[in-house]
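Single-structure report; data block below.
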Amino acid sequence: MYTQGLDQKQKKSAADPADTPGRLAAFQARIDADEKIEPKDWMPSGYRKTLIRQMSQHAHSEIVGMLPEGNWITRAPTLRRKAILLAKVQDEAGHGLYIYGATETLGVSRDNLVADLLSGKAKYSSIFNYPTISWADIGTIGWLVDGAAIMNQIPLCRCSYGPYARAMVRVCKEESFHQRQGYEIMLELCRGTDEQKRMAQGALDRWWWPSLMMFGPSDKTSEHSAQSMAWKIKRISNDELRQKFVDVTVPQAEYLGLKMPDEDLVFDQKTGHYRFGEIDWEEFWEVLKGNGKCNRERLEARNSAHDKGRWVREAASAYAEKQAARDAA
Amino acid sequence: MSKTDWPLYEVFIRARSGLSHRHFGSIHAADETMALDHARDLYTRRNEGVSIWVVKSTEIVASDPADSDSLFEPAADKIYRHPTFYKIPDDVENI
């Protein structure tokens, strides 16, 4: 999902001597009893490391996720749509900040997290490396991308790490508006002229497969699932979530009168699930490696915003120092 | 890249009058005024509160989870501190 990078192979790090078998067993017992782990509690170094990676990738995704939509703020078709889009993009910034804040409780600094994003060292979701070329893309992102995000984030509300779970509760409450405003955009286009309908179909054609890729590699090839499941960091597998998403989304497309760009898509009466075609995993890995349509553009935009904001941050710090010195005098 | 090193503030919000302030999360800010502004932007976009407290995270003194047993265990065996410990006949009323 927002943390697909986790599913890539990692170098095995040396075992931490503090992770004694007794402590590990006691920790697992707490997890098995559905206790929440809080920042100052003892935790295995692998648990901490996995969470830092997963949560920071999630936060980075929220931040980079502002860019494809920000592209349309000045060109939203009405004042109503512009106000909605502004609020949504502001929410994404908020979600990034909630999650960065929760990540910092694990003992990493915000500056280092941001530096890793800006240098390209850190990963973020593949989905934000696709371009938003028409207004219908904004509808499709809300409907599909935020819809997929909700699917993924609802189980994370029950994640074993307290601060992450609490951040997810807030995020999920806000995310529902994102999905509904997107579907409303699609409804309006699909009830419009032939040209508007074509625009809606074109956006669906471009975003459907990348949306399915958001759930990460197939369970057959995912590297980290088992341990994350045991630690209750991850609660439902990639393929299960993807199937759930397809099952709820296909009828929504039918209501719009749109066709999913998948010739193999068929409802299986026996299982009660939709069967769908093979995902282009080569494309997925290429985008994750940095070779998607917009990877370079996204990083450049983040770096440029960071650089152009430098004087503001410096001025705020200088002002705070001056006030503190005045108070001390 | 420039380091900002702004201190971390913990944010507490009163949802409405009559309720106490509750911990919501944390934010970075250069000073107290900015901490309040940021807390307002980040945590009250949907009428979540009517009052905000911010306090530097380093100013909070917290108990150590390692001391949990010695701090909180002794309360567990003092069940006579709870009203249900006492048996009162059913026909005694208003107690």
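The values are calculated or read from the model by the stated rules, or taken from the named source; none is laboratory data. What you see is a predicted model, and the numbers here were worked out from it, not measured in a lab. Reconstructed Cβ throughout: ideal geometry from the backbone, glycine too, with neighbour counts over all protein chains shown. Remember, those area values only see protein heavy atoms, side chains included, never the ligands or the DNA or RNA. Shrake-Rupley method; radii C 1.70, N 1.55, O 1.52, S 1.80 Å.
Worth a mention:
- With respect to being modelled with pLDDT of 95 or more and open to solvent by 20 Å² or more (accessible area, probe 1.4 Å), A:Trp208 falls outside the description.
- Pair list, Cβ under 7 Å, 6 or more apart: region A:237-248 residue within 12 Å of A:Ile279 (Cβ to Cβ) and among the aliphatic types (A, V, I, L, M), other residue at pLDDT 95 or above and crowded, with 18+ Cβ neighbours inside 10 Å: A:Val246/A:Tyr274; A:Val246/A:Phe276
- Members of region A:107-125 that are polar (S, T, N, Q), over 11 Å from A:Val64 (Cα atoms) and part of a loop (DSSP other than H, G, I, E, B): A:Ser109
- Residues (in a helix (DSSP H, G or I), away from chain B (no Cβ under 13 Å) and over 15 Å from A:Leu256 (Cβ atoms)) located in region A:142-164: A:Val145, A:Asp146, A:Ala148, A:Ala149, A:Ile150, A:Met151, A:Asn152, A:Gln153, A:Ile154, A:Pro155, A:Leu156
- Considering (1) within 13 Å of another protein chain (Cβ to nearest Cβ); (2) over 19 Å from A:Lys173 (Cβ atoms); (3) loosely packed, with under 14 Cβ neighbours inside 10 Å, the lone condition that B:Ser20 does not fulfil carries the number (1).
- Region A:286-323, subset of a type in the set (Asp, Glu) and over 15 Å from A:Leu117 (Cα atoms), residue surrounded by the most Cβ atoms within 10 Å (Cβ to Cβ): A:Glu286
- Which numbered condition A:Glu278 misses (of (1) outside any helix (DSSP H, G or I); (2) surrounded by 13 or more Cβ atoms within 10 Å (Cβ to Cβ)): (2)
- Residues that are more than 30 Å from A:Met43 (Cβ to Cβ) and open to solvent by less than 100 Å² (accessible area, probe 1.4 Å), drawn from region B:60-81: B:Lys78, B:Ile79
- Residues of region B:35-58 that are within 11 Å of chain A (Cβ to nearest Cβ), closer than 20 Å to A:Tyr100 by Cα and open to solvent by 80 Å² or more (accessible area, probe 1.4 Å): B:Asp37 alone.
- Among the residues of region A:157-166, the ones that are open to solvent by less than 10 Å² (accessible area, probe 1.4 Å) and of a type in the set (A, V, I, L, M, F, W, C) come to 2 in all.
- Residue that is farthest from A:Tyr130 (Cα to Cα) [pool: residues in region A:298-329 that are free of Cβ contacts under 8 Å to residues at least 40 places away in the same chain and either away from chain B (no Cβ under 13 Å) or polar (S, T, N, Q) (or both)]: A:Ala329
- Scanning region A:86-136 for residues that are among the acidic types (Asp, Glu) and crowded, with 22+ Cβ neighbours inside 10 Å turns up A:Glu92, A:Glu104.
- Enumeration of residues in region A:21-55 that are closer than 16 Å to A:Thr103 by Cβ and open to solvent by 70 Å² or more (accessible area, probe 1.4 Å): A:Lys40, A:Arg48, A:Lys49
- Residues of region A:100-115 that are within 10 Å of another protein chain (Cβ to nearest Cβ) and either hydrophobic (A, V, I, L, M, F, W, C) or under 18 Å from A:Met168 (Cβ atoms) (or both): A:Tyr100, A:Gly101, A:Ala102, A:Glu104, A:Thr105, A:Val114, A:Ala115.
- Considering A:Lys173, A:Lys232, the condition of being under 30 Å from A:Ile37 (Cα atoms), of a type outside the set (Gly, Ala, Ser) and open to solvent by less than 40 Å² (accessible area, probe 1.4 Å) is satisfied by A:Lys232 alone.
- Evaluation of B:Glu32 against (1) in contact (Cβ under 8 Å) with a residue 12 or more places away in the chain; (2) open to solvent by 90 Å² or more (accessible area, probe 1.4 Å); (3) more than 30 Å from A:Val114 (Cα to Cα); (4) touching a strand residue (DSSP E or B) at 6+ places or on another chain (Cβ under 8 Å) (one fails), failing number: (3)
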